[in-house]
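J.: A single structure is presented below for examination.
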Amino acid sequence: MSGLGSWAARRLLLGGAQTVAVVVLVFALTEALPGDAAVALAGDQPDPARIAAIREALDLDRPAYERLADWATGLLHADFGHSLTSGRPVSSYISDAFGPTLLLAGLTVALLVPVGVGLGVLAARYEGRFVDRLISSVTLGVYAVPEFAFGVLLVTVFALRLDWLPPTAVGYGTDLLGHPAALVLPVLVLLSRPVCSLSRLVRAGMIDALASPYVAHARRYGIPGARVRYAHALPNAMAPAAQQLARTVDWLLCGVIVVEALFVIPGLGTVLMNAVAERDVPVVQGLAVVFGVITVVLNLGADLVAHRFAPRAEVAA
């Protein structure tokens, strides 16, 4: 436990350093964006005096290091600044859009874990046989289809041709739970590629685990096959799968832009697209920091799970 605690402490320190690096990098990249926010806000025929007034009102005339220091200090108090176009707090944009994104991510993960792990275990149990070849072929084929193309296909078949489901979430706002039919197609698109990746990782991990010495040792003791698979082999096969799952959750929470754009869902990806189009730098910066922190936290959790479930040499001794 002491070794695990010291390892976790090192990872926490590394995560803190990565978070600081994310803040500095986000500010530097947004500063390097082409164009001028004051010119964009001044209208189609900007007057130099109006541009200068806007730059002064938005503190854009101050040195970059001063604005970085003020922005970083505000982040410590959860103050992401205000939108250049609407004047609203950036935190309100994030809180309003986080609900739909979180709902999509939660539903996708709730289906991804049992389906992906189940398919991987099933394929590993029948390695080299028809079931294994069928699962491997289908998952490989589905993974090869781009999300946008798969989404368009589902909309064409189930929304336009069969008229079973709504094609988009237009008119529902952020109340997607009150209209569950509007969530079916987006969740299927979000689920398609991650379930393929997860099932193949679990399959490979299970095959390696079932061929390991500690599993052979357990079988010599007469432990039932189901217990060997699920109590001994599966936990050790979950180390790479946990890291893949963390990357998937990170991808889901950081705004799945293609899916949100295709189904017109007012999530974080949609907010980010609008902010980039309007050159609303504070909103872009706030979202980028949130995405970066989510990535750091999820990778830290995945490393902890992988470290906990990694195969140990002493088990086979």
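The values are calculated or read from the model by the stated rules, or taken from the named source; none is laboratory data. On a predicted model such as this, the values are computed, not experimentally measured, just so you know. Cβ coordinates were reconstructed from backbone atoms using ideal geometry, including for glycine residues, and neighbour counts include every protein chain displayed. These accessible areas exclude ligands, DNA and RNA; they are computed on the full protein's heavy atoms, side chains included. Shrake-Rupley method; radii C 1.70, N 1.55, O 1.52, S 1.80 Å.
J.: Please build a GNM for the chain, connecting alpha carbons under 10 Å apart, and tell me which residue among Ala32, Ala72, Ala288 fluctuates the most.
T.: Maximum fluctuation in the GNM of the chain, among the listed residues, is at Ala32.
J.: Can you pull the one-decimal nm distance between simple spin-label points at Asp79 and Thr19, each 7 Å off the Cα toward Cβ?
T.: 1.9
J.: Arranged from highest to lowest average of other beta-carbon atoms within 10 Å per residue, in what order do the peptides 265-277, 148-160 appear?
T.: Descending packing order for the listed peptides: 265-277, 148-160.
J.: Just the Cα atoms of region 166-317: what Rg and Dmax do they give in Å?
T.: So, for region 166-317, Rg and Dmax equal 20.8, 67 Å respectively.
J.: Mind checking the angle between helix 181-210 and the chain's longest principal axis? C-alpha axes, 0 to 90 degrees, to the nearest 10.
T.: 40
J.: Turning to a different aspect of this structure: Could you give the angle, 0 to 90 degrees to the nearest 10, between helix 268-277's Cα long axis and the longest principal axis of the Cα atoms of the chain?
T.: With both axes taken from Cα atoms, the answer is about 40 degrees.
J.: Calculate, for Asp61 and Leu29, the FRET efficiency according to 1/(1 + (r/R0)^6) with r their C-beta to C-beta distance and R0 22 Å; round to the nearest 0.05.
T.: Plugging the Cβ-Cβ distance into 1/(1 + (r/R0)^6) gives 0.60.
J.: Calculate the dipole size of the chain relative to its Cα centre from +1 charges on Lys and Arg beta carbons and -1 charges on Asp and Glu beta carbons; express the result in debye to the nearest 20.
T.: Its charge dipole is roughly 2000 debye.
J.: Which FRET efficiency, nearest 0.05, do Asp208 and Asp175 yield, Cβ-Cβ r, R0 45 Å?
T.: Plugging the Cβ-Cβ distance into 1/(1 + (r/R0)^6) gives 0.45.
J.: Under 10 Å, Cα contacts only: if you run a Gaussian network model on the chain, which one of Arg279, Arg247, Arg55 comes out with the highest mean-square fluctuation?
T.: With Cα springs under 10 Å in the chain, the top fluctuation among Arg279, Arg247, Arg55 is at Arg55.
J.: To continue, here is another question. Which of the peptides 125-131, 194-200 is most tightly packed, and how do the rest follow, going by the mean number of other Cβ atoms within 10 Å of each residue?
T.: Ranking, from highest mean packing down: 194-200, 125-131.
J.: To the nearest 10 degrees, how steep is helix 48-57 against the longest Cα principal axis of the chain, on a 0 to 90 scale?
T.: Once rounded, one gets 60 degrees.
J.: Under the classification rounded if a/c is under 1.5, otherwise prolate if a/b is larger than b/c and oblate if not, where does the chain fall, given a ≥ b ≥ c as square roots of the Cα gyration tensor eigenvalues?
T.: Here the chain falls in the oblate category.
J.: Nearest 500 deg cm²/dmol is fine: what mean residue ellipticity at 222 nm does the chain get from its DSSP H runs of n ≥ 4 alone, each adding -39,500 (n - 2.57), divided by its residue count?
T.: Using -39500 (n - 2.57) per qualifying helix, the result is -23500 deg cm²/dmol.
J.: So, one more: Ignoring ligands, DNA and RNA, what percent of the 1.4 Å accessible area of the chain is carbon and sulfur?
T.: 66
J.: Moving on. Considering amide H positions built from the backbone, and no H for Pro or chain starts, which residues 5 or more places from Tyr172, or on another chain, come under 5 Å of its amide H?
T.: Those qualifying (amide H under 5 Å, at least 5 residues apart or on another chain) number zero.
J.: Can you tell me the FRET efficiency between Val264 and Trp7 if r is taken as the Cβ-Cβ distance and R0 is 51 Å, rounded to the nearest 0.05?
T.: 0.70
J.: Next up: Report, by chain and number, residues whose modeled amide H sits under 5 Å from the one on His82, excluding near sequence neighbours (fewer than 5 apart, same chain).
T.: Val90
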